[in-house]
Structures are given as C-alpha cells and as structure tokens.
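Structure first, commentary second.
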Amino acid sequence: MTPPVSTSSVQKRARSPLPRRLLVTGGAGFIGSAFVRLCHRQGRVSGDADSGHCIVLDAMTYAGDRDRLTTVLDASRPTQLVVGDICDRALVDHLLRKHEIEAIVHFAAESHVDRSISGPAPFIQTNVVGTFTLLDAFRQHWDACGQPAHYRFLHVSTDEVYGSLAPDAPATSEHSPYAPNSPYAASKAGSDHLVRAYSRTYGLPTLITHCANNYGPYQYPEKLIPLMFINMLLGRSLPIYGDGQQRREWIHVDDHCDALLALLELGEPGESYNIGTTDEMTNLALVEVLCDLMDRQGIPLPIAPCRQLIQFVRDRPGHDRRYSLNCTKLYHELGWHPKISLETGLKDTLTWYLTHRSWWEKLLSGDYQTYYQQQYGSRTSAP
Ligand code: NAD
Ligand code: TYD
C-alpha cells in the first residue's frame, strides 16, 4: 500500500514513487522533529507492514531534545531514534543497510549564527564533514542497491548562503551567486557544493533546499522569536541587534516541512529549490508585533506593555541586512504554496509557548544560562 499523499497544493509535475524508508538526520531538532511529526500526521509512516518508516539519527547536542518526538516514539510506531553522529561513517553505513533506507532527509547541523561566530569549529565538522560522510555513504548504498531512480538525498540548506541583499535588490533565485558571510552560512554553502558535486559527478539523485527563517513550536530559545516571547514572560529585556532594520523572511515550520515532502515526491533530482513566503519584515517591526500579541493575551506580565522591554544592543559582526527569496520555481513548477499566514502562525506559536511552559523552562537552566550570559552579558547597550 502506498501511503496517502496530500494533493492540495501540488499538481504540476508527474510523481515519482515516494521514498518510504527515511533516514532523518537531526530529527530531534526543531525542524527535523516537525518533519517527523508531519510524516506521522499525513500517514506517510504508519504501523502497516508495507508502509514507510523514519529512522532519526541525532547526536543530541544542546539543540536536540527527545521530548520533541514523544508523540511519535512509542513502541507501536515505526519511528526510531538512534543517538549518534553523522560523522560516524560506520554507523551511517550500518543504518542505511539495516533499514534499507531509500532517502536521507538531512537536517542535522550546527544551526545558530551567533554560536558560529563565537566557536566556528563544530560548524565545519558537522555541516561540512558530516554532510560529506552522509553523501559518500549514501552513494555507496545507492550503488549497492542498483541505483534506484526514486532514492533521494534531500539536503536542507538555507537562504543565508546567498548573503546579504540591498534594500531594493530583487529577491534571490536558485541561480543567484553564493556569498555567505557568517561561519554558519559558509559551512552550509560548503555542504551545498559537496551535494551538487555528488549529483554532477556520480549522478546521485540529490535535492537542495534553501529555506527562509523558520518559526513555530519547539524552537530552541536562542533564536529570535522564542527568545523574545520567553523574555517577555520573564520580564527580561528584548535585545535588538544594531538598528533592528535588518530584514528577514519568515515561514512556519510546518509549511517548510510540507514543502520538503512535496519536493521528495516532485522535485527534479540534481535541482535546488527556494522555500519561502514573501512575508518579509524588519526585526524591529517583528518584535513590535510580538510585543503587541503578548499584551493582548490579558495575562499577568512582569512588565507591560512589552515594547518597554525593547533594548538596542551591539550588533552581530558581519550581520546580513536582508534575505529575500524568489520562490517562482517552487510555486509555479511544482504548484506548492505556503498555507499558514504570518499572523496566524505567530498567534499559534505564542499560544504554544504559553501552554508548553514546562518544555522551555527546562531549557533555561545550565548550558543556556551560560550561553545567554556570554552572548548578552557584554552587549547590553548599542554603541
Ligand atoms: P536545530 O539546531 O534545532 O537542530 C539540529 C539538530 O541536529 C539537533 O537535534 C542536533 O542535536 C542535531 N545535530 C547536530 N550535530 C549533529 C551531528 N554531528 N550528528 C547528528 N546530529 C547532529 O536546527 P534547525 O533549526 O532544526 O535546523 C535544521 C536544518 O535546517 C539545519 O540544517 C539548518 O541549517 C536548516 N535551516 C534552518 C532554518 C531555521 O530558521 N532554523 C532555516 C533554513 C534552514
Ligand atoms: P536568528 O533567529 O538568530 O536567525 P538568523 O540569524 O538565522 O536570521 O535571528 C533572526 C534575526 O534577529 C537576525 O537578523 C538577528 C536578529 N536577532 C536580534 O536582533 N536579537 C537577538 O537576540 C537574536 C537572537 C537575533
């Protein structure tokens, strides 16, 4: 039985058989876990003997959390969590063979720009060496299986590889040159080039995606939106880097994952695809929206209205001014469109953080305190 496929927004290209046995790297992280949960909700993995399964491979760094997977990790469900490093070639070989993997959906990465500035080495190791390890293992596995046409290596990359756009420049397309500015973006760009090389040189059926900034449930509180919501609830200041006029494009994590599922089925091997929404705004405008949303909850807050908490702080070095994606290829060639408006998505995300306080409170101790102190302790006011 082929698992049901959502057809709502996808109709343009002929479908290839959907890879059903997936290795999801970084599947205990923010986006990877949303992808696994979506696979379950859509019935792409189920308890049926001939249905698909997800093997999550995650090193459980500070950013990995098993609790993101509790709804899909019980004994009756076909998702397993393997704690391990994507740089461990023997482990990757073993998992590909043992579970007869048809597609790698590759989320595992060091993902936070500020951490890449204070300590770039793990970014090179995981993002570049780790991606190389997976690619080489998958190539060998694909060869050994007779090079099936429906196998896929789906590499989840970022809009940050294109670098910073001028305020009035056209949005970046898949043909725009790479110009990464942070160690994070450079490490993702390096991994993208390796994926491209494995497609061009060996014919490996790869896909590369460049997604905009994600938000939604279970995002680690170092990132802008959860950090702001949590600081409002704790009565802490809301640190805006520089002048707050940097622009980002925002997408709900469920829309991102829905696009990835569509691309697994409909994406052209060897191609890359931008995934975005056109919901672009400045950081300051976004934080003001978040403040107003919080104020309207009618809950007791340590300090209100929340805009009083906004504090301009020293800028991030090399801070990109603007990202903006041209998604014509995804929208017109594949017929996929985002479904969650920014207004609805932000409201739902705030509700989630209000109703899952125990999830984020547990993250605020230990490592996060040290990180917060290092990042923000010395940057309390703008120059
Ligand atoms: P995240 O930091 O929340 O999750 C990363 C996961 O990878 C964690 O669970 C971590 O434990 C795991 N991991 C790290 N190193 C590993 C290793 N060596 N071996 C195995 N697992 C390892 O990141 P995220 O926000 O979920 O991002 C997922 C992917 O999406 C990344 O590749 C990122 O570059 C890309 N992306 C993110 C965004 C965004 O806005 N968050 C936007 C575009 C693209
Ligand atoms: P972030 O969530 O770190 O994502 P990225 O760097 O991948 O875009 O940051 C989003 C934007 O918000 C970015 O321009 C940096 C800015 N920012 C702040 O102004 N203050 C903060 O405390 C954080 C975490 C980010």
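A few points about this structure:
- Accessible surface of the chain [probe 1.4 Å, protein heavy atoms]: carbon and sulfur percent: 52
- Size of charge dipole - the chain - debye, nearest 20, with Cβ of Lys, Arg +1 and Asp, Glu -1, no other charges: 180
- Multiplying the residue separation of ARG321 and LEU234 by 0.36 nm and subtracting their alpha-carbon distance yields 28.4 nm.
- For region 264-288, backbone nitrogen atoms closer than 15 Å to the point 7 Å from ALA149 Cα along Cα-to-C-beta are found at 265-270.
- Packing, taken as the mean count of other beta carbons within 10 Å per residue, orders the peptides 254-263, 161-170 from highest to lowest as 254-263, 161-170.
- Computed per residue of the chain from DSSP H runs no shorter than four, each worth -39500 (n - 2.57), the mean residue ellipticity at 222 nm is -10500 deg cm²/dmol.
- Per-residue packing, averaged as other Cβ atoms within 10 Å, sorts the ranges 105-111, 342-348 into the order 105-111, 342-348, beginning with the highest.
- Within a straight-line Cα-Cα reach of under 20 Å, LYS98 cannot be paired with any lysines, leaving aside sequence neighbours fewer than 8 residues apart in one chain.
- Summing +1 for each Lys or Arg and -1 for each Asp or Glu among the other residues whose beta-carbon sits under 14 angstrom from that of ASP320 gives -1.
- By accessible area with a 1.4 Å probe, ligands and nucleic acids excluded, highest first: order of ASP114, ASP74: ASP74, ASP114
- Considering only the chain, percent of DSSP beta bridges that pair antiparallel, nearest 5: 5
- Two-decimal log10 I(q)/I(0) for the chain, as the Debye equation yields it once each C-alpha is a single scatterer, q = 0.09, 0.10 Å⁻¹: -0.50, -0.63
- Per-pair calculated FRET efficiency, R0 = 22 Å: ALA166 and HIS193 via Cβ, rounded to 0.05: 0.35
- Ranked by the mean number of other Cβ atoms within 10 Å of their residues, highest first, the peptides 270-276, 329-335, 17-23 fall in the order 270-276, 17-23, 329-335.
- Full extension of the chain segment joining HIS337 with GLN297 gains 11.4 nm, where the gain is 0.36 nm per residue of separation less the Cα-Cα distance.
- The Cys residues in the chain with no partner Cys Cβ within less than 4.7 Å of their Cβ are CYS39, CYS54, CYS87, CYS145, CYS211, CYS257, CYS327.
- For the chain: accessible area per residue (Å², 1.4 Å): 39
The values are calculated or read from the model by the stated rules, or taken from the named source; none is laboratory data. It should be emphasised that the depicted structure is a prediction, and the values quoted were computed from it without experimental measurement. Heads up, the Cβs are rebuilt from the backbone with ideal geometry, glycines too, and the neighbour counts pull from every protein chain shown. Keep in mind that these areas ignore ligands, DNA and RNA; they rest on the heavy atoms of the full protein, side chains included. Shrake-Rupley method; radii C 1.70, N 1.55, O 1.52, S 1.80 Å.
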